[in-house]
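Below is one structure, written out as structure tokens, with a few remarks after it.
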Amino acid sequence: MTTTAFTDIRPIPKRIVHPSRVIAKVASIVAIVVLLVIEVYPLFWLIMSSFKTQDEFLNAAAWSLPSTFDLSNYYDALVTANIGRNILNSVIATVPSLALIILFGTAAGFALEVLVFRGRGAILLTFLAGIMIPGQMILLPLFNAYFQIGITGTLWPLIITYTATGMPLTVFMMATYFRAIPREVFEASTIDGASMLRSFFSIGFPMVRNAVFTVALVQFFFIWNDLLIAITFTSSSDTATVQVGLLNFTGQYGATRFGPLLAAICVNVIGILIIYLFLNQRIMRGLAAGSVKG
Amino acid sequence: MGSFQKAPHVKSVFADRKAAIILLGPALVIYVVVMLVPVLSSLGYTFYTGSPINGFRFTGFDNITRLFHDKDVWSSLGFTLRYALVVSVLQIALGYLLSLFYLFVLKRLSTLVRTLVFFPVVLPTVAVGLLFQRLFAIVPQNGIVNSVVGFFGGDALSWFNDAGTAFWVIVIMDLWRSMGFYGVLLYAGLLDIPDDIIESAKLDGASGIGLIRHIVLPLSLPVLLSSIIFSVNGTLKVFDSVLALTNGGPGNGTTPLTLYMFQTAFSYGDYGYGSTIAFLLTVICLVVTVFIFRSSRRDLTKG
């Protein structure tokens, strides 16, 4: 979008259509087509194949299309193989974790950026260090602790762990967003008689609600797509999240019955696709911002 | 940060101790209790062997010595480093090519193509892994990849029966998943380069490869650096892709440190040794990050 500006203003040296320019044009079209085929075709294949019967998997070529759009693979995946239950578990684990991450993380970002107290620089750095810690480093003590408290076999270990692991990035990102708000805004509200706490809830939080939404999206994908934490803390199929259920699927039916497996993958992909259709620009911006942490 | 320090009378408004405790408290407590304490406690585990179910036994530095003599540690460390190197280099290279493509070749279509190519980034790795297992399948029917190989006259390959080819399937899958992300990240960096710099370089006769090598590339070094650090840190921790695609096999031919640690702790019930492997992984992440950061610093000041 920025390049058009100067190509329009300065058509200086050669304007003759050179053969090399035609070649370049064709090459770029070929490149676009190849790129899109590579990125999009596997997903198209996935969706088409999720309707195939077992017979079609065994006897027809991989690129062939399904003869009917029969939903029985989806029924097998969601009901018989329990992926429906797994999706529900994922929702139950994700929603409270997200709410806690946003509430606590935004409040902490506000405190660390707007308020003044001793040691806030050090605390912000401590949070930052958390972004570097590999999940493997905390799994075993946590497993031990949850086991001692007796909450293994429930979804609580997931909610607690997701809330904690989401904190560093959220605090850091929210602190960055609060940095952009002039302090005078909060001065003014305190002059009007609001306490600092009140200023946060009725002025600070609403002012960054756009950023809150972006951060929530980023964290949603981290939690929803997580495998490491989920597979560690869900021992039975009753508490398995959708990713764990999908992975176990291959063990149960998938090795022999491809239709239901592909339907299960498809459900997972289509759910994300719907979110992506509506929010893609925000998701792209959020994930890119979340990675620039240095 | 600066403005209020000059005005001490306002400082008192922001020096609200009670508000600070209420707002910061919950996040700090949960972060310390659920992340920092476990990190320290995991370090403590390295002196023990056993699990919560069978009980722990103090073994001193045995785990550390065992680490150095464990063939499986060396092979999984080798896999992790090889994978991290190959994927990081290709991820950044492809991402950078994409970003240049978005900026200089695609103009009106740029947003659409960027959005499409980015999509796999948000997909669950497990779903993508299982999908790629089917794409590279040989039984019961050739998957798409083997069909294409067959179309060009090649023999269908049993991709997952050989650690060498399985490695490349994991690499290809992760590139497919992530190149759109690095494309967007690096594209944002390219947009930060002021138009007039590129414009005046063009007026001076720079074009094509020369323009990119001498003007664009040096100016995108900072964003390339942060992408490299991000990429290396992610690839050193590879877990989901491998677990979903090959489960570490054949044998332990595609087992990274993360998966070996997981198996040690949960399949063999040795939390002490598992923690020792996790510690090794953390140290490697830190060392590599610091190393990249420092060596690039030197280069930047030289150039």
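Condition check for B:VAL32 on (1) within 11 Å of another protein chain (Cβ to nearest Cβ); (2) more than 19 Å from A:PRO134 (Cα to Cα): one failure, at (2).
One residue alone among B:LEU116, B:LEU67, B:LEU131 is part of a helix (DSSP H, G or I) and under 30 Å from A:ALA164 (Cβ atoms), and that residue is B:LEU67. Looking across A:PHE44, A:PHE69, one residue alone is more than 11 Å from chain B (Cβ to nearest Cβ), exposed (fewer than 14 other Cβ atoms within 10 Å of the Cβ) and either assigned to a helix (DSSP H, G or I) or at pLDDT below 90 (or both). It is A:PHE69. Listed by first and then second residue, the pairs with beta-carbon distance under 8 Å, at least 6 apart or on different chains, first residue in the stretch A:183-201 and more than 8 Å from chain B (Cβ to nearest Cβ) and open to solvent by 40 Å² or more (accessible area, probe 1.4 Å), second at pLDDT 80 or above and in a helix (DSSP H, G or I), are A:VAL185/A:ILE203; A:VAL185/A:MET207; A:ARG198/A:SER189. If the condition is being open to solvent by less than 30 Å² (accessible area, probe 1.4 Å) and under 25 Å from the mean Cα position of the chain (by Cα), then the stretch B:40-58 contributes only B:SER42.
Considering every residue within the stretch B:196-210, establish whether at least one is outside any helix (DSSP H, G or I) and either of a type in the set (Phe, Trp, Tyr) or at pLDDT 90 or above (or both). Scanning the stretch B:196-210 turns up no residue that is outside any helix (DSSP H, G or I) and either of a type in the set (Phe, Trp, Tyr) or at pLDDT 90 or above (or both). Restricting attention to the stretch A:47-66, the residues that are open to solvent by 60 Å² or more (accessible area, probe 1.4 Å) and in contact (Cβ under 8 Å) with a residue 60 or more places away in the chain add up to 1. Residue-level check: of (1) among the polar types (S, T, N, Q); (2) more than 30 Å from A:GLU184 (Cα to Cα); (3) open to solvent by less than 10 Å² (accessible area, probe 1.4 Å), A:THR106 misses just (2).
When B:THR80, B:THR111 are checked against the criterion of being without any contact (Cβ under 8 Å) to a residue 40 or more places away in the chain, of a type in the set (Val, Ile, Thr) and in a helix (DSSP H, G or I), a single residue qualifies: B:THR111. The single condition among (1) at the interface with chain B (Cβ under 7 Å from one of its Cβ atoms); (2) more than 15 Å from A:GLY109 (Cβ to Cβ) that A:PRO157 does not satisfy is (1). B:PRO256 passes every criterion in (1) within 18 Å of B:ALA166 (Cβ to Cβ); (2) at the interface with chain A (Cβ under 8 Å from one of its Cβ atoms); (3) out of contact with any Leu (no Cβ under 6 Å at 6 or more places or on another chain) apart from (2).
Restrict the check to the stretch B:69-77 and report whether at least one residue is in contact with a helix residue (DSSP H, G or I) (Cβ under 7 Å, 6 or more places away or on another chain), closer than 29 Å to B:TYR182 by Cβ and either facing chain A (nearest Cβ under 8 Å) or open to solvent by 10 Å² or more (accessible area, probe 1.4 Å) (or both). Among the residues of the stretch B:69-77, at least one is in contact with a helix residue (DSSP H, G or I) (Cβ under 7 Å, 6 or more places away or on another chain), closer than 29 Å to B:TYR182 by Cβ and either facing chain A (nearest Cβ under 8 Å) or open to solvent by 10 Å² or more (accessible area, probe 1.4 Å) (or both), which makes the answer yes. Among the residues here, A:PHE117 does not qualify as at pLDDT below 90, farther than 30 Å from B:ALA278 by Cα, outside the structural domain of A:ILE265 (by TED's automatic domain parsing) and not acidic (Asp, Glu).
Screening B:LEU116 with (1) closer than 30 Å to B:LYS202 by Cα; (2) within 14 Å of chain A (Cβ to nearest Cβ); (3) open to solvent by 50 Å² or more (accessible area, probe 1.4 Å) gives one miss only, at (1). Applying the condition of being β-branched (Val, Ile, Thr) and within 28 Å of B:SER76 (Cα to Cα) to the stretch B:142-181 and asking which residue is farthest from the chain's Cα centre (by Cα) yields B:VAL145. Test B:VAL126 against the stated conditions and say whether it is at the interface with chain A (Cβ under 7 Å from one of its Cβ atoms), open to solvent by less than 50 Å² (accessible area, probe 1.4 Å) and part of a helix (DSSP H, G or I). Judged against the criteria, B:VAL126 is a match.
Taken together, the criteria place A:PHE205 among residues that are among the aromatic types (Phe, Trp, Tyr), farther than 17 Å from B:PHE181 by Cβ and modelled with pLDDT of 90 or more. Being assigned to a loop (DSSP other than H, G, I, E, B) and in the same structural domain as A:THR241 (by TED's automatic domain parsing), is that true of even one residue in the stretch A:96-107? The answer is no; no qualifying residue exists.
The values are calculated or read from the model by the stated rules, or taken from the named source; none is laboratory data. This is a predicted model, so every value here is computed, not measured. When we count neighbours, we look across all protein chains shown, and the Cβ atoms used for this are built from the backbone with ideal geometry, even at glycine. Keep in mind that these areas ignore ligands, DNA and RNA; they rest on the heavy atoms of the full protein, side chains included. Shrake-Rupley method; radii C 1.70, N 1.55, O 1.52, S 1.80 Å.
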